[in-house]
Structure formats: C-alpha cells, structure tokens
C-alpha cells in the first residue's frame, strides 16, 4: 500500500474514533436529535455507537501497525 493510502486509512480511523467517542461520552447526539425532533431513536444508539467506536479504534490501530511495518521495511539494512 502506498504512503498516501496508509495516511488516508489512519486519518479515517482517527476521525471516526473521535466522532464516535464524542457521541458516546458526551450528550452531543442528544442535543442534535432533540433539536431535530427525533429524540425517540436515541435509546438504541448506545450499543451501535460503542460498536462503531470499537471498530474505528481497531482501524486506527491497524493503520498504525501497517505504517510502522512499512517504515521498518523501507529502512536500509
């Protein structure tokens, strides 16, 4: 994978993790949904958001490991 692809993968993982963490640990979604008038659907969001947070953190870790492995392979012996 090229450097730009690894950087993009890492960026998606980090941004997704931050957004999911904000929605899980702060009432951001409750404020947004309350102002939009769809607060009734907020009850089932906790399991979905925790799963999304886990997935994005996993994607971030995967991208970091791939970046470090590629950097190790690119180094001259």
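The values are calculated or read from the model by the stated rules, or taken from the named source; none is laboratory data. Remember, it's a predicted structure, so these values are computed and weren't measured experimentally. Cβ sites come from the backbone with ideal geometry, for glycine too, and all protein chains shown count toward neighbours.
Residues in the stretch 49-77 that are in a helix (DSSP H, G or I) and loosely packed, with under 12 Cβ neighbours inside 10 Å: 51, 65, 68, 69, 71, 72, 73, 74. Taking the conditions exactly as written (part of a helix (DSSP H, G or I) and at pLDDT 75 or above), does residue 9 satisfy them or not? The answer is yes for residue 9.
With the requirement that a residue be out of contact with any helix residue (DSSP H, G or I) (no Cβ under 6 Å at 6 or more places or on another chain) and surrounded by 13 or more Cβ atoms within 10 Å (Cβ to Cβ), what does the stretch 31-44 give you? Before the answer, list the steps.
Of the stretch 31-44, the ones out of contact with any helix residue (DSSP H, G or I) (no Cβ under 6 Å at 6 or more places or on another chain) are 31-32, 34-38, 40-41, 43-44.
Within the stretch 31-44, 32 is the sole residue that qualifies.
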